[in-house]
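One structure is given below, encoded as structure tokens.
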Amino acid sequence: MDRMDSFAGRRIPRAVTDAGLALLLIAGCLALRATMPVNGPELRDPDARWGMLVLLFALPMAVHRHFPLSALLVTSVTASVLQGLRYIPQLSGSDGTSIGPTYLGVATAVFLTAVRGTPRTATVVVTVVVPAASVTEAVLASAGHRITTLLTEAVVLVAAWALGRLTRARTAIQNQALERAAALEREQAANARAAVMEERTRIARELHDIVAHNVSLMVVQTIAADRVQDRDGEKAHELHGTIEETGRATVTELRQMLDVLRTDEEAETDPSKVPPQPTIEAIPALVDSVRAAGLHVDFSTTGSPAELPAGSHLTVYRVVQEALTNTLKHAGHTRTALTVAWEPDRHRLTVRLCDDGPRTDEETQRPPALSKGSGHGLVGMRERIGAVGGTLHTGTRPGGGYCVHAVVPVPAPDSHPASDSHHAQPSDHARP
């Protein structure tokens, strides 16, 4: 129904639409006398009573939206009075059928009542109002034309009623389709959020394993330093320095884990308890495994490796693993270029993987960015990179194929000062 109140894509106030319809009916009644032929039926000249009846006929349409059945009854009764007093030509007579503004106005009122009214109101219109109006017009018609008038009025009004009910049904179907689309969109958003939360929980578990491993290592190193303290002070000092570095790395991993986990509770089932996790040094072995599966990978490393937190090592490995797996799964045995570039002067590590797209003899299709399922893929990559303060860009290549470009920050050599007041710097550097 809302589209009835719009014009050229712009919404028109409902009051303006209703008032415009009432004015249109008034204008039609005024123009009726000017359009009548000279040898037409004899009609009573317009007077004050005619003017009052015209207003009573048209003005109810201005409030029809609020009182559909009442407005229809007033309009149809007034139209019958106008015909009975011979202010308007009869519907059917010796000069043929004349469906003027008043009859069209009644049909319009029937149509709008069928559109805006309840099913019960629509039933009353087709079973009571339409037959009553048809019989009234037939009684007011001249002898010999009553049956024609009855049938003509009934056909016009029933057609208007049926068109109104059809319009209402189509509008209801469209509204249901919009509601289903909105519900589907909400479901997809919920699935995407669930995928993100699931991936965050998985990342948090892995970071938890790294932290637990580092803490266990610190305990062992502390015991060893205590035992050699008296007989080898230099060795004890070296162990204390190692403990300090491990402790700072552990604090960084703890902060990253808390930032990823936020308010989520870590699942107690199926935890991974086998340290250490894969590092960047394990990427060549990963490349060899996908080559054995049929993927053609051109792997290269540039720059001098720098120290990275264990969480960043794991993130880079997992992103490369996911990108290679997606390429093999969705592009088939295509050619892929993998580059790991260390850029210490810019304090970052860049990973770029681009494939040539599916081969012509393999029918594969790149999946959407957020697929309904386990929550891995691009969602997992983005969450992992974001957890260590990096950035991720993915997309298709102009010449065909797909690219994954990840940038991971590399801590500066002086990012771990001895003063406790600056211990928060590594965490701040890791966050975008």
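When Tyr402 is tested against (1) among the hydroxyl-bearing types (Ser, Thr, Tyr); (2) farther than 16 Å from Thr252 by Cβ; (3) at pLDDT below 85, just one condition goes unmet, and that condition is (3).
Does Glu307 count as within 27 Å of Val351 (Cβ to Cβ), part of a loop (DSSP other than H, G, I, E, B) and modelled with pLDDT of 70 or more? First the steps, then the outcome.
On the way: within 27 Å of Val351 (Cβ to Cβ): yes; part of a loop (DSSP other than H, G, I, E, B): yes; modelled with pLDDT of 70 or more: yes.
So Glu307 fits the description; yes.
Glu265 satisfies every condition listed in (1) in a helix (DSSP H, G or I); (2) surrounded by fewer than 17 Cβ atoms within 10 Å (Cβ to Cβ); (3) at pLDDT below 70 except (1).
Total residues in segment 334-361 satisfying the condition of being free of Cβ contacts under 8 Å to residues at least 24 places away in the same chain and either in a loop (DSSP other than H, G, I, E, B) or within 19 Å of Val319 (Cα to Cα) (or both): the figure is 2. Just for segment 346-373: of the residues that are among the hydroxyl-bearing types (Ser, Thr, Tyr) and open to solvent by 60 Å² or more (accessible area, probe 1.4 Å), which one is modelled with the lowest pLDDT? So the residue we want is Ser371.
What about Gly332, is it farther than 14 Å from Arg291 by Cα and modelled with pLDDT under 85? Break it down stepwise before answering.
Working: farther than 14 Å from Arg291 by Cα: no; modelled with pLDDT under 85: yes.
Criteria not met by Gly332.
If you check Thr171 against the conditions, is it closer than 18 Å to Ile88 by Cα, open to solvent by less than 60 Å² (accessible area, probe 1.4 Å) and either out of contact with any Phe, Trp or Tyr (no Cβ under 7 Å at 6 or more places or on another chain) or touching a residue at least 24 places away in the same chain (Cβ under 8 Å) (or both)?
Details: closer than 18 Å to Ile88 by Cα: no; open to solvent by less than 60 Å² (accessible area, probe 1.4 Å): yes; either out of contact with any Phe, Trp or Tyr (no Cβ under 7 Å at 6 or more places or on another chain) or touching a residue at least 24 places away in the same chain (Cβ under 8 Å) (or both): yes.
So Thr171 does not fit the description; no.
Show me the helices (runs of 4 or more DSSP H) found entirely inside segment 35-135 where at least 3 residues are without any contact (Cβ under 8 Å) to a residue 40 or more places away in the chain and either open to solvent by 10 Å² or more (accessible area, probe 1.4 Å) or not charged (D, E, K, R) (or both). Quick ask: steps written out before the conclusion?
Details: elements: 48-58, 68-84, 101-116, 119-124.
Filter on segment 35-135 gives 48-58, 68-84, 119-124.
The values are calculated or read from the model by the stated rules, or taken from the named source; none is laboratory data. The structure displayed is predicted, hence computed values, not measured ones. Cβ atoms come from the backbone with ideal geometry, glycine included; neighbour counts cover every protein chain shown. Areas reflect the complete protein model, heavy atoms only, side chains present, ligands, DNA and RNA absent. Shrake-Rupley method; radii C 1.70, N 1.55, O 1.52, S 1.80 Å.
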